[in-house]
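So the structure is just underneath, and the comments pick up after that.
The values are calculated or read from the model by the stated rules, or taken from the named source; none is laboratory data. All of these numbers come straight from a predicted model, not from anything done at the bench. Reconstructed Cβ throughout: ideal geometry from the backbone, glycine too, with neighbour counts over all protein chains shown. Protein only, heavy atoms only, side chains kept; ligands, DNA and RNA dropped before computing areas. Shrake-Rupley method; radii C 1.70, N 1.55, O 1.52, S 1.80 Å.
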Amino acid sequence: FTAIRTLSLKLIIFLCMAGQVSASDPIITNRSDFENLVIEKKLKRFLISLSVTSDGKIMGSAAGRNVTGDWDWLDGFFCRTILWGKRELKYNCQQVTFDGKRLRFISDRGKGQSASFALR
């Protein structure tokens, strides 16, 4: 039980881990560009696999728990709510960049922590 709890805490930290954004990474500013990159693909990183659908849904898994959520594109930002198992990751609007291989989601409208995902 302690090992599972420790893994869960590490995953939460990992999901919210800070990262550096390269000044050269183009910012995705409109929904259609974002959808062209992610629809019918998986967003993947260690222990995480997510799908983002054109009808505003997020689904997948992270560390063996189901992930569900809703998203919308507002004022140039990816805004989402996520339920990871029974834990709610609160509503947040995120700046999205793409370096040609990985999408990076930067919380708090580009001023917070970030997480990068490979597209598969």
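Rg over Rh for the range 29-75 works out to 0.99, using Cα positions for both radii and the Kirkwood form for Rh. Per the Debye calculation on the range 54-120 with a single equal scatterer at every Cα and no solvent contribution, log₁₀ I(q)/I(0) for q = 0.18, 0.26 Å⁻¹ amounts to -0.71, -1.31.
Extension gain, Lys111 to Leu47: 0.36 nm times the residue separation minus the Cα-Cα distance gives 20.5 nm.
For the set Ile82, Ile106, the ranking by accessible area, highest first and with no ligand, DNA or RNA atoms included, is Ile82, Ile106 under a 1.4 Å probe. Dipole check for the range 41-87: with +1 at the C-beta of Lys and Arg, -1 at the C-beta of Asp and Glu, and the Cα centre as origin, the magnitude is about 380 Debye. Model label points for Thr81 and Arg102, set 7 angstrom from Cα along the Cα-to-Cβ axis, are 3.0 nm apart.
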